[in-house]
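I have placed the structure first, in the form of structure tokens, so that the comments after it can refer back to it.
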Amino acid sequence: MEKIISSEDILSAFDIESIEPEALLFQTGYLTIKDSFIKSQQTFFTLSYPNFEVKISLNSRLASLFTNSASLKQKLSLQLIDIFDSSTLELLPSFLNNLFAQIPFQWYIHTSQYESFYCTVFYIFLVSTGLNVIAEDTSSIGNIDLTVLHQNTAYIFEFKVDKGKPIEQMVKKGYFKKYLSLEKIFGIGIVIDSKKRSVKHFEMQMFK
């Protein structure tokens with residue numbers, strides 16, 4: 001939700017039964033206009049969070065929906081922060097399996113086959129902790145699914161569903177080169193089993 005493109009018509013809608021999510025978030029102050037442009041005599045707007053505090057607040061509320069428990073959400077958040085503080089990335093599969101297990105099965109019915117679903121869930125939880133997260137991190141050769149920047153280290157994530165070689169893709173596309181100025185760079189590849197809704201394969205490589 002950091003670079004949403006929306007039109008003037010959508011943002012000005014007030015019919016609560018058919019209002020678009022971005023219009024509702026804009027009207028309630030969770031999103032603000034960062035830029036505008038005109039195409040074919042129609043005005044479009046680029047929406048994003050108004051500040052870092054609102055970004056954390058909104059994603060914290062969304063993260064709470066996954067766990068349906070404020071105390072469990074807090075416990076998981078602390079676990080996730082500890083993983084990055086200590087660089088114990090080998091604990092991520094267990095964390096993700098625990099997180100995915102909290103999500104009601106109805107949410108998976110039309111989404112379990114899409115890597116964007118798992119990536120979005122992880123993104124929301126990362127942002128809710130206050131970590132510096134970049135979704136669809138653009139490089140000169142493509143988009144990185146997720147990047148976490150923490151303690152002068154870049155953690156580059158690539159998600160796949162059921163099959164794929166995420167680390168091989170990182171190496172081939174040279175995603176890590178964008179962060180060579182940092183002290184350390186880790187590539188983390190995660191393959192999800194769409195039927196079990198859990199981590200099927202986890203791989204990691206230190207690029208620097």
Quiz item: Residue-wise, which Karplus ³J(HN,Hα) couplings in Hz belong to the stretch 139-146, taking 6.51 cos²θ - 1.76 cosθ + 1.60, θ = phi - 60°, and x for glycine or proline?
Solution: 10, 6, 10, x, 9, 7, 4, 8
Practice problem: Compute the signed sum of charges (Lys and Arg +1, Asp and Glu -1) over the other residues within less than 12 Å, Cβ to Cβ, of ASP162. | Solution: +4
Quiz item: Exposure proxy check: GLU8, GLU115 ranked by fewest other beta carbons within 10 Å?
Solution: GLU8, GLU115
Quiz item: How far, in nm, would the chain grow between SER48 and LEU65 when pulled straight, counting 0.36 nm per residue and subtracting the alpha carbon separation?
Solution: 4.0 nm
Quiz item: Efficiency by 1/(1 + (r/R0)^6): what FRET value for LYS172 and GLN151, r their Cβ-Cβ distance, R0 = 30 Å, to the nearest 0.05?
Solution: 0.65
Quiz item: By the scheme Lys and Arg +1, Asp and Glu -1, what is the net charge of all other residues having a beta-carbon under 13 Å from that of ALA63?
Solution: +4
Quiz item: Using the count of nearby Cβ atoms within 10 Å as a rough guide to exposure, how do GLU158, GLU203 rank from fewest to most?
Solution: GLU203, GLU158
Quiz prompt | Rounded to the nearest 20 debye, dipole of the stretch 4-48 from Cβ charges on Lys, Arg, Asp, Glu | solution = 240 debye
Quiz item: So how much slack lies between ASP162 and LYS184, counting 0.36 nm per residue of separation and subtracting their Cα-Cα distance, in nm?
Solution: 5.0 nm
Exercise. Please work out which option in [x] 0.93; [y] 0.98; [z] 0.95 gives Rg/Rh (Cα atoms, Kirkwood Rh) calculated from these coordinates, and answer with its label.
Key: [y]
Quiz prompt | Separation of the ILE19 and GLN102 label points, Cα + 7 Å toward Cβ, nm | solution = 2.7 nm
Exercise. Sequence neighbours fewer than 8 away in the same chain don't count; with that in mind, list the lysines whose C-alpha is under 21 Å from LYS208.
Key: LYS165, LYS172, LYS173, LYS177, LYS178, LYS184
Quiz item: Which of SER40, SER198, SER48 moves most in a GNM of the chain, Cα contacts under 10 Å?
Solution: SER40
Exercise. Based on other C-beta atoms within 10 Å, arrange GLU20, GLU53 from fewest to most.
Key: GLU53, GLU20
Quiz prompt | Highest-MSF residue in the chain out of ILE19, ILE134, ILE81 [GNM, Cα springs under 10 Å] | solution = ILE19
Quiz prompt | MET206-GLN41 FRET efficiency (beta carbon distance; Förster radius 41 Å; 0.05 resolution) | solution = 0.20
Practice problem: Quick one: which residues, 5 or more positions from ILE185 or on another chain, have an amide H under 5 Å from its amide H? H modelled 1.01 Å from N in the peptide plane, none for Pro or chain starts. | Solution: ALA154, PHE207, LYS208
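Every number in this text was worked out from the coordinates using simple rules, so none of it is lab data. Note that the structure is a prediction, hence the values are computed from the model and not measured. Cβ: placed from backbone, ideal geometry, glycine included. Neighbour counts: every protein chain shown.
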